[in-house]
Each structure stands twice: as structure tokens, then as C-alpha cells.
DNA sequence: TTGACGCATTCCTATATGGGAATATGATAA
DNA sequence: TTATCATATTCCCATATAGGAATGCGTCAA
């Protein structure tokens, strides 16, 4: 099997750095495509493709005004990610302790072996 | 260009559901590979491959005991993700309001047009 | 109507994937 | 030493990229 689609969920969608940049930019408000493309220094078709992915996973919404399409943030899809990652909050502090404990285990094992 | 490597950063590494499951399981403590494989219902080589990815992005660490390799959580790499996603916290609540405001704009525009 | 603009889509290609199967590697037990 | 167990690695393949280039398409201005 191949890798999961970028549009399969928000996790995959935000794995791409440029798409994260787009979301960051949209914090300031809605923006048309060429604006985002220029800001990111990428070609317009690339921006459109990234935006399509973000649209399909519902992280952005579009408002059409004349020939422009204003993309805006819809951050609700990020909430599950925040929650999942947040489930490790107690661990990324504890990890150091664990590593220390582990190292101490090693040392005491070594000492016992030496005795 | 192709997609970014799964090992390019933690964002890409955790885009794969099974790797997230592995991390979830490791909250309970260290586990050998066959244990994880059985728990996830996948073949041992698959587990080893996923663990390799997680190792390369430093989300897990290994402790070798005899022929077993106990994989343990190193959640520190999840912190940047939590922070980045957390930067949208004010938006995933506000988004509803924005959408409402937007809809009202549309309505008022329509009314003005009708006048 | 025509041309220009803003954006989406399509075609193309190199690349990395995840899984299955087979095999290599290393450690332990007999 | 040899058989066995626990893991890692390799080879295979179908698949989905991301970007560049070209093009389609609707909208607006002249």
C-alpha cells in the first residue's frame, strides 16, 4: 500500500510545511490566492493545489468575490490534533525523568554486576 | 517534487495512524516489537518499519535487553506540534462567530442590493 | 466583443511510501 | 555448534504526491 492521502485527514494535510504557512497567514484574515502565493514565494497553481487540500479536509473555507476567491481559516479541524498531541503533555516533561531513571537503572545494574 | 519524507519531521511521522497508535500504546510504558505488532494486528516487519520512522524523528527510544528491544516514548518532539496547533486555539472557537458574521454580511449585502 | 485577470485543473515526472514476502542479523538456549 | 527466537532489512509493487508548464474557465474592464 502507499502512503495515506494528504486529504485523508488534517494530520496528513498539515504535514506539508507550506500548508502550515498558509494556515499561519490566514490567522490575519481572509486572503485571495495570488496574495498567498506571493507571500509564500510559490507559483499560483501550487498555491491553488495546497488550498484544495486544505479545503478538502475543511481547514479553510472560500468566499467568492468577483474573480477573486478569498480563503479563510476554519480551525475547528485542528482541535482533534491538539487534543491528541495534548494527551502526551505529561510525558514530554516526564520523559527526561524517565531517561534519567533509566540511566540510573543502567548504572545500578552495572554496579551490581561489578559487585 | 514528491511529498516530504515521513522521517523529515514529527509532523510527517505522526501523519500515519498506526504510528499514532504505537505512541498511544507506549504511554503505558516500554514494549518490545512483537508486543506492539500483536497489539496493532500488523506484521512484525511493518511494526519495525514504523518504529524506525519514529526513531529517526526521535519520538521513541530503544532499550536493548537480550534479543528484545524495548521501545519507549520520547514525547519531547511532540511539543513543537502542540505549540503550533495551539496557536490556533483562539480561532477554532471564533470560527463559528466568523462564519456567522460572514453570513450576516451576505444577508445585509443582499438587503442593500434589494433596496 | 475582446483582452486581461484570477484561479482551477490537467498532464508530466521523480520520488517515497506501506505492506507482503523473504532474508539477514544477533542473541539465547540446548 | 546448532536450532530458535526477536528484530531489522531488503526487494517487490501500486499509489499519491509536489512542482512546473500549459491550458481551461469565469469575471471584469474597455
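The values are calculated or read from the model by the stated rules, or taken from the named source; none is laboratory data. Only a predicted model underlies this, so the values are computations on that prediction, with no experimental measurement involved. Note that we place each Cβ from the backbone using ideal geometry, even for glycine, and neighbour counts take in every protein chain shown.
Look at the stretch B:59-99 and say how many of its residues are without any contact (Cβ under 8 Å) to a residue 40 or more places away in the chain and not in a helix (DSSP H, G or I).
Within the stretch B:59-99, residues that are without any contact (Cβ under 8 Å) to a residue 40 or more places away in the chain and not in a helix (DSSP H, G or I) number 13.
Residue under question is residue B:66, and the condition is that it be more than 7 Å from DNA strand D (Cβ to nearest atom), surrounded by fewer than 20 Cβ atoms within 10 Å (Cβ to Cβ) and more than 10 Å from chain A (Cβ to nearest Cβ); does it hold?
For residue B:66, the condition - more than 7 Å from DNA strand D (Cβ to nearest atom), surrounded by fewer than 20 Cβ atoms within 10 Å (Cβ to Cβ) and more than 10 Å from chain A (Cβ to nearest Cβ) - is met.
When you scan the stretch A:38-97, how many residues do you find that are out of contact with any helix residue (DSSP H, G or I) (no Cβ under 7 Å at 6 or more places or on another chain) and at positive phi?
Going through the stretch A:38-97 one residue at a time, the tally reaches 2.
Return the residues of the stretch B:55-74 that are under 17 Å from the mean Cα position of the chain (by Cα) and over 15 Å from residue B:35 (Cβ atoms); say none if nothing qualifies.
Once the filter is applied, which keeps residues that are under 17 Å from the mean Cα position of the chain (by Cα) and over 15 Å from residue B:35 (Cβ atoms), the stretch B:55-74 yields B:55, B:56, B:57, B:58, B:59, B:74.
Residues are listed down the side, and each one gets a yes or a no for (1) modelled with pLDDT under 95; (2) within 10 Å of another protein chain (Cβ to nearest Cβ); (3) within 12 Å of DNA strand D (Cβ to nearest atom):
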{"position": "B:9", "(1), (2), (3)": "no, yes, no"}
{"position": "B:17", "(1), (2), (3)": "no, yes, no"}
{"position": "B:22", "(1), (2), (3)": "no, no, yes"}
{"position": "B:33", "(1), (2), (3)": "no, no, yes"}
{"position": "B:36", "(1), (2), (3)": "no, no, yes"}
{"position": "B:49", "(1), (2), (3)": "no, no, yes"}
{"position": "B:57", "(1), (2), (3)": "no, no, no"}
{"position": "B:62", "(1), (2), (3)": "no, no, yes"}
{"position": "B:71", "(1), (2), (3)": "no, no, yes"}
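Here are some residues: A:28, A:44. Which one is near DNA strand D (Cβ under 8 Å from one of its atoms) and either crowded, with 18+ Cβ neighbours inside 10 Å or farther than 29 Å from residue B:50 by Cβ (or both)?
A:44
Out of everything in the stretch B:11-43 that is assigned to a loop (DSSP other than H, G, I, E, B) and in contact (Cβ under 8 Å) with a residue 24 or more places away in the chain, what residue ends up being nearest to residue A:7 (Cα to Cα)?
So the residue we want is B:16.
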